[in-house]
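Colleague: Take this structure, written in structure tokens, and hold onto it; I'll ask about it next.
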Amino acid sequence: METNKLYECTVIIDGGLQDEAVLAAMELVQRVITEKGGTISNVLEIGRRKTAYPIKKKTIGYYAHIEFTAATIVIAEIEKVFRYEEALLRYLIIHLTSAFLEMRKRVEKYSVVIGSPEDAAAAEAAGADTVGK
């Protein structure tokens, strides 16, 4: 009998798509996971970010992390669907072991969350707007 394990799927969707197309791609990713027998526990949509390097000649991607539980054999089926989806620039599914989860808790406890340069620029712009009022 196969037991379900905890996985995390990180996807990068083409950031040049319209919002409706990005939403449809996110729904497709979630639907594939649930149709193949996975149970989604958490979805974190980070949003559009500049990629570190061009992926399929694209430099903007829509990032999202999805935590789910599924049987091991289901992962290959999910990846098979993701591989041929045009809107997905990249995907990565990793098994979240207990050691990895413990390390993640320690990092969250002792580190300061630092946003992206885009977040800093937006915060500075918002601060400049409130100072002038």
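Colleague: Using the beta-carbon distance between His95 and Ile46 and R0 = 22 Å, what value does 1/(1 + (r/R0)^6) give for FRET efficiency, to the nearest 0.05?
Modeller: Efficiency computed from Cβ-Cβ geometry: 0.55.
Colleague: Using the Karplus curve 6.51 cos²θ - 1.76 cosθ + 1.60 with θ = phi - 60°, work out ³J(HN,Hα) for each residue of segment 54-67 in order, rounded to whole Hz, and write x for Gly and Pro.
Modeller: Listing the rounded values in order: x, 10, 6, 6, 10, 10, 10, x, 9, 9, 8, 10, 10, 9 Hz.
Colleague: Right, here's the next one. Please provide three numbers in whole Å: the alpha-carbon extents of segment 8-67 along the principal axes, with the largest listed first.
Modeller: Each principal axis gives a Cα extent; for segment 8-67 these are 33, 21, 17 Å.
Colleague: Got a number for carbon plus sulfur as a percent of segment 1-117's accessible area, 1.4 Å probe?
Modeller: 57 percent
Colleague: If you don't mind, there's one more thing I want to ask. What FRET efficiency, computed as 1/(1 + (r/R0)^6) with R0 = 41 Å and r the Cβ-Cβ distance, is obtained for Glu27 and Tyr110, rounded to the nearest 0.05?
Modeller: It comes out at approximately 0.70.
Colleague: A further question follows. Output wanted: per-residue J couplings in Hz (rounded whole) for segment 28-45, from phi through Karplus 6.51 cos²θ - 1.76 cosθ + 1.60, θ = phi - 60°, x for Gly and Pro.
Modeller: Per-residue couplings from phi come out as 4, 4, 5, 5, 4, 4, 6, 5, 7, x, x, 10, 7, 10, 7, 10, 10, 9 Hz.
Colleague: Return one whole number: the accessible area per residue of segment 1-98 in Å², for a 1.4 Å probe.
Modeller: 59 Å²
The values are calculated or read from the model by the stated rules, or taken from the named source; none is laboratory data. Every value quoted in this text rests on a predicted model; they were computed, and no experiment measured them. A quick note on method: Cβ atoms are made from the backbone with ideal geometry, for glycine too, and the neighbour counts reach across all protein chains shown. For accessibility, only protein heavy atoms count, side chains too; no ligands or nucleic acids. Shrake-Rupley method; radii C 1.70, N 1.55, O 1.52, S 1.80 Å.
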